[in-house]
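Coordinate-derived values only; no laboratory data. Remember, it's a predicted structure, so these values are computed and weren't measured experimentally. Glycine gets a Cβ as well: all are built from the backbone with ideal geometry, and neighbour counts include every protein chain shown.
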Amino acid sequence: MSETPVRFGVLGCATIARILSRAIRLAPNASISAIGSRSIDKASKFASDNGFPASAKVYGSYEAVLDDPEVDAVYLPLPTSLHLKWAVLAAEKKKHLLLEKPVALDVKELDTILEACESNGVQFMDATMWMHHPRTAKMKEFLSDPLRFGQLKSVFSLISLRKML
């Protein structure tokens, strides 16, 4: 039996959404159903510039994406100061949530978001891609080899979107 793809709606046209929406389009178990922005023109341009399928709906508001019955989950790349409002509304509309990092301004906001997700029976996930990437397991294996490095006490790492865009 084939798995039904998760139908994503994207709330906002942030630069990081270009990267993640591409990943959604490439995933065999996900699709993009909708994009919403404060401006329908901006949402249309974003969808066109980023190869959204012709079937993806374009909305001039975030609310319209949350009200779309063909959206199962939302990706929320809005500024962190807007996460609490839109994440809670998404959960209340029974939309699973993929929330860009940082997920909240403080722990109280995070607790409110998590409670909204739990009480509405929706999944919460932050967009910390490196934890789920196969290279992370390989990197851990490589760095854990005591014959190469001895016992590591700390690792400093940096990621830049400059190369990804």
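Key figures for this structure:
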| item | result |
| --- | --- |
| Given 15 as the ceiling on other Cβ atoms within 10 Å, longest exposed-site-free region of the chain for trypsin sites (Lys or Arg not before Pro) in DSSP loops | 95-152 |
| Label-point separation in nm, Lys94 to Ser61, each point 7 Å along Cα→Cβ | 2.1 nm |
| Nearest-0.05 FRET efficiency for Lys108 and Ala137, computed from C-beta distance (R0 35 Å) | 0.55 |
| Which listed pairs, of Lys93/Lys140; Lys101/Lys140; Lys95/Lys140; Lys42/Lys108; Lys57/Lys138, have C-alpha distances above 27 Å, in listed order | Lys93/Lys140; Lys95/Lys140; Lys42/Lys108; Lys57/Lys138 |
| Stokes-Einstein diffusion coefficient of the chain, Kirkwood radius over Cα pairs, 25 °C, 0.890 mPa s, in µm²/s | 143 µm²/s |
| Loop-exposed GluC sites (Glu not before Pro) per DSSP, neighbour cap 15 Cβ within 10 angstrom, longest uninterrupted part of the chain | 71-165 |
| Added length on full extension, which subtracts the Cα-Cα distance from 0.36 nm per residue, Glu70 to Arg25 | 14.6 nm |
